[in-house]
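Below is one structure, written out as C-alpha cells; comments come after it.
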Amino acid sequence: MSFMFANSYKKYRYSLILLRELVVTEFKLRYQGSVLGYLWSLLKPLFLFAILYFVFVYFLKIGDNVPHWPIAMLLGIVLWNFFAEVTNNGLNAIVARGDVIRKINFPKYVIILASSVSALINLLLNFVIVAVFMLVNGVDISWVALLAPIYILELFAFGLGLAFLLSAVQVRFRDVGYIWEIIMQALFYGSAVIYPLAMVLEQSQKLGTVLLFNPIAQAIQDTRHVLVSEANPTLYSLTGSVWLSLIPVVFVVLVVIFGAWYFKRKSPYFAEEV
C-alpha cells in the first residue's frame, strides 16, 4: 500500500507543485495594484447584499415569513458568486494561458484546478462574513450544520465539471462565452438566490419542486436549511423521496465525468488551437 502511495505521489508531485504555484500566483494577481487588496473579496458580496437587502427585503418586504431570510439571502449570494467564479474563470482559463501552453508541456487540467481552488479560497473568506452575520442575528447552529461542507463540495464539483467542459469547448468555439453569460443570467434567477423558495411554492408546489432539481438551487437551499433555518425547504422535504432528492447529485456526477473526459480528450490539441 505504501509503495502504491509513493508511486502515486511521485506521479502527481509535479502537478501538485504546479497547482500550488498557480493558485498563489492567481490569488496575488487578482488584486494586484488595488488599494484595498484582498478586502475586495469580502466587500464585493457585502455591497451586493446591501443593495439587494434594501430593495427586496426592506422595501418590497420579501422573505418576511422566513426566519433570518436576510442571512439566507447573503449565503445564497456568496454561494452563487462562488459557482460563477469557478465556471467563468474556468471558461477562459485555457485561452488566457495560450502563450504558456504553446511553449511548455504540462498537465493542462492543473490550470482549471488552480482557478477553481482560488475560488474556493475566496469562498472561505466570504464565509467569515456570513458567520459574523449569523452570530449577530442569533442564528441557532445545530449539529446538522456539519452537512454544509457536503453541499458546498457538490456545488464545487458541479462548477469544476462545467469548467472542464466549457474551457475545452471555448478553445474551439469562442462564442461559448457569450452563450454561457446568457445561461448564467437564467440560472441566477432560476436558482432561488435572492428570493425565498417559499414564494414560488405559494404559487405552484410543482414549479418549486422542479426548481430544486437544478443542482445549484438544491445545493444553495440545502445549505440554507442546515446553516440558517429549517424553514428553507429542500427537495427531500418536498418530495419525501430519497431517490428523487438524489437526482441533482447524479446529474453533478455525470457532468464531472463527462467534463473531465472531454477535457482530457481535447487537451492534447490545445497548443495548436489556442
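Please compute the Cα-Cα pair-distance distribution of the chain with 5 Å bins starting at 0, giving whole percents from short to long.
The percentages, shortest bin first, are 1, 5, 11, 15, 17, 16, 13, 10, 7, 4, 1, 0, 0.
Which whole-number percent is the relative contact order of the chain (Cα, under 8 Å, 6+ apart)? Please report the intermediate quantities before stating the final value.
Values: 302 pairs, mean separation 69.8, N = 274.
Reported relative contact order: 25 percent.
Starting from the Cα of Lys264, step 7 Å along the direction of its Cβ; do the same at Asp64; then give the gap between the two resulting points in nm.
5.5
Per residue, how large is the accessible surface of the chain? Use a 1.4 angstrom probe and give square angstrom. Let's see the in-between values first.
Numbers: 15010 Å² over 274 residues.
I get 55 Å² per residue for this part.
Mind running the shape call on the range 71-160? Use the C-alpha gyration tensor, a ≥ b ≥ c as the square roots of the eigenvalues: rounded below 1.5 for a/c, prolate if a/b tops b/c, oblate otherwise.
Details: a/c = 3.43, a/b = 2.72, b/c = 1.26.
Verdict is prolate for the range 71-160.
By how many nm would the segment from Glu230 to Leu254 lengthen if fully extended, with 0.36 nm per residue of separation less the alpha-carbon distance?
Separation in residues times 0.36 nm, less the Cα-Cα distance, equals 5.7 nm.
For a quick check of your reading of the filter: which trypsin sites (Lys or Arg not before Pro) in the range 128-232 sit in a DSSP loop and have no more than 11 other Cβ atoms within 10 Å?
Values: sites: Arg172, Arg174, Lys206, Arg224; in loops: Arg174.
Sparse-neighbourhood loop trypsin sites (Lys or Arg not before Pro): Arg174.
Given points 7 Å out from each Cα along the Cα-Cβ axis, report the Trp143 to Ile182 separation in nanometres with one decimal.
The answer from the label model is 5.0 nm.
Could you rank the peptides 190-196, 46-52 by their average count of other C-beta atoms within 10 Å per residue, with the highest value first? Intermediate results must be reported in sequence, preceding the final value.
On the way: 190-196: 21.0, 46-52: 15.3.
Highest mean packing first, the order is 190-196, 46-52.
Of the accessible area of the range 166-224, with the probe set at 1.4 angstrom, what percent is carbon plus sulfur?
Values: 1770 of 2790 Å².
After summing per-atom areas, the C and S share lands at 64 percent.
Would you work out which of Ala72, Val132, Leu166 lies farthest towards the positive end of the dipole of the range 71-189? Charges go on Cβ: Lys and Arg +1, Asp and Glu -1.
The Cα lying farthest towards the positive end belongs to Leu166.
The values are calculated or read from the model by the stated rules, or taken from the named source; none is laboratory data. Predicted model, so just to flag it, every value in this text is computed and none were measured. Cβ atoms come from the backbone with ideal geometry, glycine included; neighbour counts cover every protein chain shown. Quick note on the areas: whole protein, heavy atoms, side chains included, nothing else; ligands and nucleic acids left out. Shrake-Rupley method; radii C 1.70, N 1.55, O 1.52, S 1.80 Å.
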